[in-house]
Amino acid sequence: MSISKKKFSASVKKIIPPLMSGEPETVEIRLDDAEDLYREIRIANTFTDQNGEAGSLKPGSRVAIIVEADLEVVTTEKDDHAPVSVMTSKKLA
């Protein structure tokens, strides 16, 4: 199965303490090239390295966000959007 990927540059903006003890802290990540309203994402700040060791991100860290999708669910722009036409009306006297 083939995969389509897109990579985004981002940085860790802040670490949010858990609301209740026993829950993980939250990391706020800011995507560099996203629209202003959708620039931040928040996820649990629990990660593992290649050896399976637990870790967490620090504020200011540069990260990459990778979005992956099966090619079966990816459409091309020509398939996904119909041509757009602009309609105008004349003012009647």
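Quick one: would you say ALA69 is surrounded by 10 or more Cβ atoms within 10 Å (Cβ to Cβ), under 27 Å from ASP33 (Cβ atoms) and modelled with pLDDT of 50 or more? Criteria met by ALA69. Quick one: in region 1-28, of everything that is β-branched (Val, Ile, Thr) and either in a loop (DSSP other than H, G, I, E, B) or surrounded by 14 or more Cβ atoms within 10 Å (Cβ to Cβ) (or both), which residue is farthest from the chain's Cα centre (by Cα)? Going through the qualifying residues, I end up with ILE15. Considering (1) more than 29 Å from THR76 (Cβ to Cβ); (2) within 16 Å of the chain's Cα centre (by Cα), say which one LEU37 fails and leave the rest. All conditions are met except number (1). Just wondering, is there one or more residues in region 29-48 that are part of a strand (DSSP E or B), out of contact with any Phe, Trp or Tyr (no Cβ under 8 Å at 6 or more places or on another chain) and of a type in the set (Asp, Glu)? Scanning region 29-48, I find at least one residue that is part of a strand (DSSP E or B), out of contact with any Phe, Trp or Tyr (no Cβ under 8 Å at 6 or more places or on another chain) and of a type in the set (Asp, Glu), so the answer is yes. Checking the structure you have, find out if any residue of region 42-50 is over 12 Å from the mean Cα position of the chain (by Cα), farther than 30 Å from THR76 by Cα, modelled with pLDDT of 95 or more and of a type in the set (D, E, K, R). Taking every residue of region 42-50 in turn, none turns out to be over 12 Å from the mean Cα position of the chain (by Cα), farther than 30 Å from THR76 by Cα, modelled with pLDDT of 95 or more and of a type in the set (D, E, K, R). Restricting attention to region 49-74, which residues are closer than 27 Å to SER4 by Cβ and assigned to a strand (DSSP E or B)? Within region 49-74, ARG62, VAL63, ALA64, ILE65, ILE66, VAL67, GLU68, ALA69, ASP70 qualify.
The values are calculated or read from the model by the stated rules, or taken from the named source; none is laboratory data. Note that the structure is predicted; figures quoted are calculated from it, not measured. For neighbour counting, all protein chains shown are included, and Cβ atoms are generated from backbone atoms with ideal geometry for every residue, glycine included.
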